[in-house]
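Quick notes on the structure that follows.
The values are calculated or read from the model by the stated rules, or taken from the named source; none is laboratory data. Keep in mind the model is a prediction, meaning the values are calculated, not measured. Cβ placement follows ideal geometry from the backbone for every residue including glycine, while neighbour counts extend to all protein chains displayed.
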Amino acid sequence: MTAALRRQLKWCTMGIEMNPLDNLKNFIRPFVHMYNTRIMNSYLTYELEERYSSVLDQQHIPGKSVIDLAMKAYLDENPGSTGIPAPFKSAAMAQIKLFVFAGHDTTSTATVFTFHLLSKHPEVLQKVREEHDAVLGPVSNVPSLLASKPQLLNQLTYTLAAIKEALRIYPTVSTIRSGQRDLHLVSPNGHSFPTESCMIWGDHYSNHHNPHVWNRPEDYLPERWLCTEEDSLYPPKHAWRPFERGPRNCIGQELALTEIKLILALTIREFDVADAYAEFDTARGNTGNMKVNGQRAYMVRIGGGGHPANGYPCRVRCLE
């Protein structure tokens with residue numbers, strides 16, 4: 001299923017492709033989607049039916065996975081059910097695929113960008129490692145320590161600030177809303193723009209780099225997340241939106257931040273990660289300016305989310 005999902009992402013389109021040759025994919029995209037969807041649905045159907053049977057078993061101990069929670073909610077609303085109806089199965093599979101995609105692609109990309117920024121700012125990297133020394137102790141003890149005391153991750157305040165600042169500079173996703181007849185966007189000079197029949201796309205990257213909103217927006221400064229409201233670096237209210245805001249914000253944001261903290265806790269003192277774009281460009285004969293806004297690891301859209309250019313070629317060195 002994982003391989004099918006990854007293949008599916010590469011064939012996703014939003015109609016904004018700059019390369020006209022990308023449109024040639026349109027002829028075979030439906031067939032690729034059909035093939036990948038059949039693989040994913042076959043796997044999920046088996047899992048749903050297995051969970052349904054186990055939930056009916058009186059000896060079953062309910063879990064807290066997405067499938068278990070969905071099945072429990074359905075059975076609570078439909079006691080005495082003798083099977084999984086097609087509408088519920090279809091809705092459940094769609095939501096599970098969304099959970100798997102959102103929890104896999106965006107979090108891994110955010111982790112890569114966090115490692116990248118830490119490698120470019122050794123003074124920040126040093127502070128993160130010092131915090132891990134103070135809170136978590138010897139590297140060899142971290143897995144067992146966090147297994148018994150996972151709440152220690154909450155004490156990694158500077159690490160969290162470093163992650164949040166990475167998400168400000170490189171927000172991995174944006175958001176889309178449907179326009180409404182009574183909703184108009186008003187520009188600073190008073191012009192009103194109707195939104196009916198339009199797709200409203202919030203550009204988080206531009207907002208996060210707007211000098212009228214953020215002080216020193218191009219600088220990687222985890223300290224802005226630890227300062228007081230009187231400080232000029234203090235984040236403006238509602239300006240940080242990598243998970244969006246409001247009733248439709250990302251329900252997995254705390255999980256994502258916890259996962260990245262956990263990954264750093266297990267690896268940041270054992271490995272150095274540095275980009276290898278110079279080697280990559282030399283090997284492929286890339287010449288000229290390969291940077292965007294001064295960054296070689298600029299963001300590109302692949303499969304519905306932002307990713308580092310060229311898949312982020314890098315070197316990983318094991319520390320002594």
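Of the residues that make up the stretch 281-304, is at least one closer than 20 Å to L136 by Cα, among the basic types (K, R), at pLDDT 90 or above and not in a helix (DSSP H, G or I)?
Checked against the condition, which is being closer than 20 Å to L136 by Cα, among the basic types (K, R), at pLDDT 90 or above and not in a helix (DSSP H, G or I), the stretch 281-304 yields no hits at all.
Among the residues in the stretch 241-256, are any under 21 Å from V124 (Cβ atoms) and among the aromatic types (F, W, Y)? Before the answer, list the steps.
Residues of the stretch 241-256 that are under 21 Å from V124 (Cβ atoms), as a first pass: 242, 256.
Okay, now just the ones that are also among the aromatic types (F, W, Y), so none.
Checked the stretch 241-256: no residue is under 21 Å from V124 (Cβ atoms) and among the aromatic types (F, W, Y).
Results for (1) touching a residue at least 24 places away in the same chain (Cβ under 8 Å); (2) assigned by TED's automatic domain parsing to the domain that holds L9; (3) in a loop (DSSP other than H, G, I, E, B); (4) within 21 Å of M1 (Cα to Cα), shown as yes or no for each residue.
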residue	(1), (2), (3), (4)
F31	no, yes, no, yes
T45	yes, yes, no, yes
E50	no, yes, no, yes
V55	no, yes, no, no
L69	no, yes, no, yes
K72	no, yes, no, no
D76	no, yes, no, no
A91	no, no, no, yes
A94	no, no, no, yes
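Answer yes or no: is there a residue in the stretch 277-286 that is crowded, with 18+ Cβ neighbours inside 10 Å, in the same structural domain as K120 (by TED's automatic domain parsing) and of a type outside the set (A, V, I, L, M, F, W, C). So that I can check it myself, show each step before the final result.
As a first pass, look at the stretch 277-286 and keep what is crowded, with 18+ Cβ neighbours inside 10 Å: 277, 280.
Within this subset, residues satisfying the condition of being in the same structural domain as K120 (by TED's automatic domain parsing) are 277, 280.
Right, trim to of a type outside the set (A, V, I, L, M, F, W, C) and you get 277.
Scanning the stretch 277-286, I find at least one residue that is crowded, with 18+ Cβ neighbours inside 10 Å, in the same structural domain as K120 (by TED's automatic domain parsing) and of a type outside the set (A, V, I, L, M, F, W, C), so the answer is yes.
Does K237 qualify as being assigned by TED's automatic domain parsing to the domain that holds E165 and exposed (fewer than 12 other Cβ atoms within 10 Å of the Cβ)? First the steps, then the outcome.
Details: assigned by TED's automatic domain parsing to the domain that holds E165: yes; exposed (fewer than 12 other Cβ atoms within 10 Å of the Cβ): yes.
Criteria met by K237.
Among the residues of the stretch 238-275, write down those that are touching a residue at least 40 places away in the same chain (Cβ under 8 Å) and at positive phi.
Answer for the stretch 238-275, where residues must be touching a residue at least 40 places away in the same chain (Cβ under 8 Å) and at positive phi: just E244.
Do any residues in the stretch 201-214 that are free of Cβ contacts under 8 Å to residues at least 24 places away in the same chain have Cβ atoms under 7 Å from those of residues that are surrounded by 12 or more Cβ atoms within 10 Å (Cβ to Cβ) and part of a loop (DSSP other than H, G, I, E, B), where the two are at least six apart or on different chains, and which pairs are they?
Qualifying pairs under 7 Å: N210/P217; P211/P217.
Does A166 satisfy the condition of being surrounded by 19 or more Cβ atoms within 10 Å (Cβ to Cβ), modelled with pLDDT of 95 or more and more than 21 Å from T2 (Cβ to Cβ)?
yes
Would you mention how many residues in the stretch 211-254 are over 21 Å from E131 (Cα atoms) and assigned to a helix (DSSP H, G or I)? First the steps, then the outcome.
So in the stretch 211-254, the residues over 21 Å from E131 (Cα atoms) come out as 211-219, 229-253.
Now drop any that are not assigned to a helix (DSSP H, G or I), which leaves 253.
Qualifying residue count, the stretch 211-254: 1.
Answer with yes or no whether T45 is modelled with pLDDT of 80 or more, farther than 29 Å from I200 by Cβ and of a type in the set (V, I, T).
Numbers: modelled with pLDDT of 80 or more: yes; farther than 29 Å from I200 by Cβ: yes; of a type in the set (V, I, T): yes.
It is true that T45 is modelled with pLDDT of 80 or more, farther than 29 Å from I200 by Cβ and of a type in the set (V, I, T).
Please report, ordered by residue number, the helices (runs of 4 or more DSSP H) entirely within the stretch 129-208 with at least 3 residues that are of a type in the set (V, I, T) and under 30 Å from E223 (Cβ atoms). Before the answer, list the steps.
Values: elements: 142-148, 157-169, 204-208.
Hits in the stretch 129-208: 157-169.
Of the conditions (1) closer than 30 Å to H307 by Cβ; (2) of a type in the set (S, T, N, Q); (3) touching a helix residue (DSSP H, G or I) at 6+ places or on another chain (Cβ under 7 Å); (4) modelled with pLDDT of 95 or more, N215 fails just one. Which one is it?
(3)
Which condition breaks for T114 when tested against (1) modelled with pLDDT of 85 or more; (2) loosely packed, with under 14 Cβ neighbours inside 10 Å?
Condition not satisfied by T114: (2).
For the subset of the stretch 24-41 comprising residues that are loosely packed, with under 12 Cβ neighbours inside 10 Å and not basic (K, R), which member is modelled with the lowest pLDDT?
Among residues in the stretch 24-41 that are loosely packed, with under 12 Cβ neighbours inside 10 Å and not basic (K, R), the one modelled with the lowest pLDDT is L24.
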